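What follows is one structure encoded as structure tokens, with my remarks underneath.
The values are calculated or read from the model by the stated rules, or taken from the named source; none is laboratory data. All values reported here derive from a predicted model rather than from experimental measurement. When we count neighbours, we look across all protein chains shown, and the Cβ atoms used for this are built from the backbone with ideal geometry, even at glycine.
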Amino acid sequence: MSDNRFKIVFDGALLPGVESTTAKLNLAELFKSDVGAIEKLFTGRPVALKRDLSRSDAETYLTALKNAGIDARIEAEQPVAFSLAEAHETDSGSASYSRPAASPYAPPRAAVGDNGAEFSTLKVFTIHGRIGRLRYLAWTLVLTLAMLVAGGIISTVSFAVATASPTLGAIIGVLLGLALCVAIVWVSVQIGVQRLHDLGWSGWLWLLHLVPLVNSVFPILLLVLPGNAGANQYGAPPPRNSTAVKVLAALWLAFIPLMFGLLLTLGMNGYLNQLEANMDSSYESSSITSDDATDQSVTVDEEERAQSADDTAEPVDSPEQ
């Protein structure tokens, strides 16, 4: 006498709030298959994903399917009664087992068992795909260095042209600088959208960088929040981080406090210089005021002495007298 056996039945239903694309990608990841093979399971007919399971194994499979967004169920396997006649017929027609089962309850075998792509393909210049936190930092550092190098080249060219023609040098500098800004923004958008896709968010959320106050918090979220562990509606997860990615990300993380310290030092130096200049100007103003007061006092004393001399002077007789 054997224990009761169970099977996992799926008829295409999904859990509330789960998109069809997400469920198919998760199911493909679970079965290590491609999405094209998984599409065949969403016909609306009941399909036995797994058969001949114990109760505990069936519960384990059902939990995994629920986590993938699949609304499957457990059903008991129907006991089969054999007779000698059926046994003889089975022996005579044993070759028919090589044919695929026509029953809709047949479990997915070869088609579902095919190995699919485990990771997505990395592409920088696109808004499709996904990248993780460290790769986002690494790519941003490379973009920043490229911007600095290109900016230095543009400045050198503009200065060289300006020595011969200042107007032409200014025009070339403005045009090349504008082209550099457009290129940097375009690549930044593509990298940011891929990072949003890794979180399972829409790429349109990148526009939050343009919202005041929000743009001071939103970039931090992109650096802190982890991406989806498995496949989502934007594709398979990105490849594991290479050594170069880890090194570049570490350099960027060290570069941030260095720049912050540099800016803080420059700000303090500027404040101290301004304070010293204000003190010097106050001292000069007080000195000038003191000198003016001294000059004015001297002038008053001279006037008083002149007036006193006039008063004490003897009158001069007129010729008539």
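Below are the figures for this structure:
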{"quantity": "Those residues of segment 111-129 which are modelled with pLDDT under 50 and exposed (fewer than 12 other Cβ atoms within 10 Å of the Cβ), in sequence order", "calculated": "Gly113, Asn115"}
{"quantity": "Filter pass, Ala249 being small (Gly, Ala, Ser) and modelled with pLDDT of 80 or more", "calculated": "yes"}
{"quantity": "Positions within segment 192-217 being among the small types (Gly, Ala, Ser), part of a helix (DSSP H, G or I) and either under 12 Å from the mean Cα position of the chain (by Cα) or under 28 Å from Arg240 (Cα atoms) (or both), in sequence order", "calculated": "Gly192, Gly203"}
{"quantity": "In segment 218-245, residue surrounded by the fewest Cβ atoms within 10 Å (Cβ to Cβ) [restricted to those that are in contact with a Leu (Cβ under 9 Å, 6 or more places away or on another chain) and assigned to a helix (DSSP H, G or I)]", "calculated": "Leu221"}
{"quantity": "Residue list for segment 180-209, filter: in contact (Cβ under 8 Å) with a residue 24 or more places away in the chain, within 24 Å of Glu19 (Cα to Cα) and surrounded by fewer than 16 Cβ atoms within 10 Å (Cβ to Cβ)", "calculated": "Gly200"}
{"quantity": "Cβ-Cβ under 7 Å pairs, at least 6 apart or on other chains, segment 46-73 side touching a residue at least 12 places away in the same chain (Cβ under 8 Å), far side assigned to a strand (DSSP E or B) and small (Gly, Ala, Ser)", "calculated": "none"}
